[in-house]
Amino acid sequence: MYNLVVIGGGPGGYVAAIKGAHLGMKVALIEDTRLGGTCLNRGCIPTKALYRSSYVGKLIKDAESFGFDVQGFSVNYPKIKERKDQIVENLVKGIETLIKGNKIDYYHGKGQIIDKNTVLVEGIGEEIKGEKLIIATGSKPFIPPIPGADLEGVLTSDEILELTTLPEKMAIIGGGVVGTEFAGIFASLGVEVTLIEMLPRILYTFDEELVRRLNIFLKKAGVNILTSAKVEKIEKIDNDLNIFVGTKKGVEEIRVNLCLMAGGRKPNLRGLENLNLTLKENGGILTNDKMETNIPDVYAVGDCTGGIMLAHVASQEGIVAVENIAGMERVMDYRAVPSVVFTYPELASVGLTEEQCKEGNIEYKVSKFNFAANGKALAEGEGEGIVKVIADSENKIIGVHILGPHSSDLIAEGVLAVQHRLTAKDIYNTIHAHPTLSESFSEACHGIDGEIIHGVPKRK
């Protein structure tokens, strides 16, 4: 019998399995497709590979400003896809090596739970028994009930990654992180993109001011953004699709070659039917802050809980679950969860937004620093964007929001500040290397306590 059985080999499951092995447990890991889950195979990594390729194309277009004359380049999308697939393949093999190196028994097949201590691996017909069980079955694309959503040419975020040619025109339904990232990627590759969002603005959970700024960049890149817009139906016309969109001005018809459904994801609970798990209203598995379900010795982590559907959250939840199994008494803390949107420029966020502070009647102050005043940003040709720091009445940092170059990397310092309740002074009294983009965060923190160094003083 195993000490721990994990169902699902995504960033929640495989990390939990490795952590269990590190703590001396005999571990079995069950996965029915490929190790790495949605993130590695159909999400974070392949999209970032596409993002990088489209970014290189953007650099070539801007080459003249750097002193290079480039003539007659074209997009070779099959080659872009080949590079993306190779990156994914290399990382999957890397996880396979980790599983083997940590002496974890890997079972390839669908896990069907018989009871809390027994899992049948379909395909090989073997029953696996364990003392503790972690469910990490992930999520699947949510398809809204739109007439015509099942037509040929209407793709999920999983399917669009398998394209071998670029469409001339495409519509994206859903202006969240996934939809907005794909809009930026395909627009940069020359596709005419219409991004459709039912809410008043895209990226609704992000800081409103920075999203407004990002809208300008997306529109400049050629993305047509429709907000407060609801898709009523999709029809097939010849080889194209006609999208009927209800807007404030009435119903608009948008003709495209392809349509991407990017309306989010929902928990995947297949194989769990024999457990009487308590579920949330959104269909996710209910857990406490130790990642325990209502059934003793059964834990759940990642997207299947219907919580924050981010790979780094799933991994942390997996570690917390295993440490509790080992008797280490850990609780999951969601106070400082970073979110990143890989657009041009990147958008990154952690902690509270201004809107949340206002809604919660929290006394706060804001400081902003423009990348236009940062030497490294200008040297890289990316002087557009802003760092925004929000602090409470004691000058402790409660929110950091960055729109600009390498925001996905810069946000890490903001996460540390929010997690450990650092003050603005803690940040700017720490020496930041020059010339670097990270100086922009230090400068914004200076503004919380007084005046930004590289900024014109405010009029008294």
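The values are calculated or read from the model by the stated rules, or taken from the named source; none is laboratory data. Keep in mind it's a predicted model, so treat the numbers as computed, not measured. As a convention, Cβ positions derive from the backbone with ideal geometry for all residues, glycine included, and neighbour counts pool all protein chains shown.
Numbers below:
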read-out: Number of positions in the stretch 366-382 that are part of a strand (DSSP E or B) and either surrounded by fewer than 19 Cβ atoms within 10 Å (Cβ to Cβ) or of a type in the set (S, T, N, Q) (or both); value: 4
read-out: Condition met for Lys233 (at pLDDT 95 or above and surrounded by fewer than 22 Cβ atoms within 10 Å (Cβ to Cβ)); value: yes
read-out: Residue match in the stretch 193-213 (condition: within 28 Å of Gln356 (Cβ to Cβ), crowded, with 21+ Cβ neighbours inside 10 Å and of a type in the set (S, T, N, Q)); value: no
read-out: Residue under evaluation Leu23, criteria (1) within 27 Å of the chain's Cα centre (by Cα); (2) on the phi < 0 side of the Ramachandran plot, criterion not met; value: (1)
read-out: Where Ile308 falls short, out of the listed (1) crowded, with 20+ Cβ neighbours inside 10 Å; (2) under 30 Å from Arg213 (Cα atoms); value: (1)
read-out: Any hit, the stretch 217-227, residues being closer than 15 Å to Leu403 by Cβ, surrounded by 17 or more Cβ atoms within 10 Å (Cβ to Cβ) and in contact with a strand residue (DSSP E or B) (Cβ under 7 Å, 6 or more places away or on another chain); value: yes
read-out: Only listed residue being at pLDDT 95 or above, surrounded by 21 or more Cβ atoms within 10 Å (Cβ to Cβ) and either among the basic types (Lys, Arg) or not in a helix (DSSP H, G or I) (or both), chosen from Leu50, Leu35; value: Leu35
read-out: Which listed residue, of Ile95, Ile18, Ile87, is over 25 Å from Glu126 (Cα atoms), among the β-branched types (Val, Ile, Thr) and part of a helix (DSSP H, G or I); value: Ile87
read-out: The stretch 190-246: number of residues that are part of a strand (DSSP E or B), over 18 Å from Pro147 (Cβ atoms) and not hydrophobic (A, V, I, L, M, F, W, C); value: 3
read-out: The lone exception for Ile398 - which of (1) touching a Pro at 6+ places or on another chain (Cβ under 8 Å); (2) over 30 Å from Gly67 (Cα atoms) it fails; value: (1)
read-out: Qualifying residue in the stretch 130-140 (condition: under 26 Å from the mean Cα position of the chain (by Cα), surrounded by 15 or more Cβ atoms within 10 Å (Cβ to Cβ) and modelled with pLDDT under 95); value: yes
read-out: Of all residues making up the stretch 353-365, the number that are surrounded by 14 or more Cβ atoms within 10 Å (Cβ to Cβ) and either within 16 Å of Ser442 (Cβ to Cβ) or among the polar types (S, T, N, Q) (or both); value: 2
